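A short write-up of the structure that comes next.
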Amino acid sequence: MLNEKLQAIDVTRADSRQKILCRPPVLTSYAAGWQRLNLEYHVQPAYESPEHYATHYTIVIRLRNLPRIERWLDECYKSENSLQGDIALIPPYAIHRAITTQESEFIALTLDSDSVSNIAYESVNPDTVEIIPHFSKSDPLIYQIGLALKAALQADGLSSRLYAESMATALSAHLLLHYSAPKHIIYEYRGGLPKYKLQRVIEYIIDHLSEDLLLRAMAQEVGMSQYHFARLFKQSTGLSPYQYVIQCRIERAKMLLLKSKLKISEISSLVGFGDQSQFTRHFKRLLGVTPKEIRKK
């Protein structure tokens, strides 16, 4: 196995991945600054990839039926009929190779291995955790997460970092629950955040609305892991941290629109939105009117 890895291509870096596929990705998250999770959206002609591996997890999400794909995962081989919504999971250092006979459309998610390890250390015995490779199989949750991440990247760009961090945490827990050998049960805390911690993190959010708020920073503010913080925060507020931050930004923007003479573009920036179109879209979704309309009223 060591000799095989020395011959295979390490595709952990983006420039190495260009050696594997015929075309560059149509869309990537690298310019958006996502840290623990990255996304590539591909439309590729028929190809035969050389043997390769990575130091992160790779999840391939099929967006179009592919009647035949030959796939090798380490020493296992399978000729697959991969359907829309199917996923294939390649853990760190697993050697992967694939051959297709027609154009394919897919999302490739790369998840930092530390994300999975951190949740394992918090919730189960990490010495017993092994995420195993999986050939194509249906996984509706990962399929929907992939579509949601792609939509968030296209709509929000740089402002999608908090959403991506939240999804990285959810994906890590999902892999531990459903793709590990043996299966694991993750211990869940109940009852929400203690009141003093909830108040502290809300104050932190309000004080940093204009900044690039990240799940990691919020969890650190109250001395918790990202996974348990996100779960308990939603139990306390009914909203995910991402949804709560968006709501706070819109509420502050509403106040500024009614009580100041700042330009809409200035208000958009002051409350932490990357661009005015993104701000307007969230504003109308939550309040039912555009910023211009509420200012006129």
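For trypsin sites (Lys or Arg not before Pro), the sites in the stretch 17-68 that DSSP calls loop and that have at most 14 other Cβ atoms within 10 Å are 19, 64. Close amide H contacts of residue 95 (hydrogens built in the peptide plane, cut-off under 5 Å, sequence separation of 5 or more or a different chain): 74. Once you reduce the stretch 208-262 and the stretch 1-69 to the center of their Cα atoms, the two points are 33 Å from each other. Cross-link partners of residue 137 among aspartates and glutamates, defined as those whose alpha carbon lies under 17 angstrom from its own and excluding same-chain residues fewer than eight positions apart: 70, 80, 86, 105. Straight-line reach from residue 195: taking Cα to Cα under 19 Å and skipping same-chain neighbours fewer than 8 places apart, the aspartates and glutamates in range are 203, 207, 221.
The aspartates and glutamates within cross-link reach of residue 297, meaning a Cα-to-Cα straight distance under 20 Å and a gap of 8 or more places when in the same chain, are 251, 266. The alpha carbon gyration tensor of the stretch 2-178 gives principal lengths a ≥ b ≥ c with a/c below 1.5, which makes the shape rounded. Taking other C-beta atoms within 10 Å as the exposure proxy, 248, 22 rank 22, 248 from fewest upward. Amide H to amide H, which residues 5 or more places from residue 208 or on other chains are under 5 Å from it, using H placed in the peptide plane? Placed amide hydrogens put nothing under 5 Å from residue 208.
Projecting label points 7 angstrom from Cα along Cα→Cβ for residue 255 and residue 212 puts them 2.6 nm apart. Checking the cross-link pairs 259/296; 254/284; 234/284; 150/234 against a 18 Å limit on the alpha carbon distance flags 234/284; 150/234 as lying beyond it.
For the stretch 247-296, state which trypsin sites (Lys or Arg not before Pro) are in a DSSP loop and have at most 13 other beta carbons lying within 10 Å of their beta carbon. Don't jump to the answer; show the numbers that get you there.
Values: sites: 249, 252, 254, 259, 261, 263, 281, 284, 285, 292, 295, 296; in loops: 261, 263.
Of the trypsin sites (Lys or Arg not before Pro), the ones in loops of the stretch 247-296 whose Cβ has at most 13 other Cβ atoms within 10 Å are 261, 263.
Since every read-out is calculated from the coordinates, none of them should be taken as a lab result. Everything quoted here is computed from the prediction, not taken from an experiment. Cβ atoms come from the backbone with ideal geometry, glycine included; neighbour counts cover every protein chain shown.
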